[in-house]
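The values are calculated or read from the model by the stated rules, or taken from the named source; none is laboratory data. Everything numeric in this text was worked out from a predicted model, so none of it was measured. We place every Cβ from the backbone using ideal geometry, glycine too, and count neighbours over all the protein chains shown. Accessible surface is based on the protein model in full, side chains and every heavy atom, while ligands, DNA and RNA are left aside. Shrake-Rupley method; radii C 1.70, N 1.55, O 1.52, S 1.80 Å.
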Amino acid sequence: MYKIGVIGDRESILGFKAVGLEVFPCDSLQEAGQAFKKTTEGEFAIIYITEAFYKEMTPEITEFRDKRLPAIIPIPDKDGSMGIGMESVKKAVERAVGADILFGGE
C-alpha cells in the first residue's frame, strides 16, 4: 500500500501527522534532500513539499515531472503561499491540454 509523505519545516507540517500522513521535518535544504530521496524510492505515491524547499529542489523534482508516481505537490508553509503551487498546476494543465485554460494567458 502506498503512503503519503510531507516534507518541510516542523511548524508547517506537524499537523499532517495528526491525519495519518508520514512527516519529514527538516531544518535545512540538505535534510529536505535526504527526505526527498527517501520518499521517492518507491513506497510513497504522493509527496507534499513546502514551497520554500520545492523552489530550491527544482532540478531534483523535475526528474519526476512526467512519471506516474510519486506525485510531488508544493504546499504553502507557515509564512503563506509563494505562488509556486498554483504555477505548478498551471504548467501541468498547459502540458496536458496545450494551452493556458486556467488564466487565459495572463
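Report, by residue number, each residue of region 1-36 that is assigned to a strand (DSSP E or B) and over 13 Å from the mean Cα position of the chain (by Cα). Listed by number, the residues that qualify are Lys3, Glu22, Pro25. If only residues of region 60-92 that are at pLDDT 85 or above and among the aliphatic types (A, V, I, L, M) are counted, the one that is surrounded by the most Cβ atoms within 10 Å (Cβ to Cβ) is Ile72. Output the number of residues of region 1-59 satisfying the condition of being hydrophobic (A, V, I, L, M, F, W, C), in contact with a helix residue (DSSP H, G or I) (Cβ under 6 Å, 6 or more places away or on another chain), free of Cβ contacts under 8 Å to residues at least 40 places away in the same chain and open to solvent by 20 Å² or more (accessible area, probe 1.4 Å). The total comes to 3.
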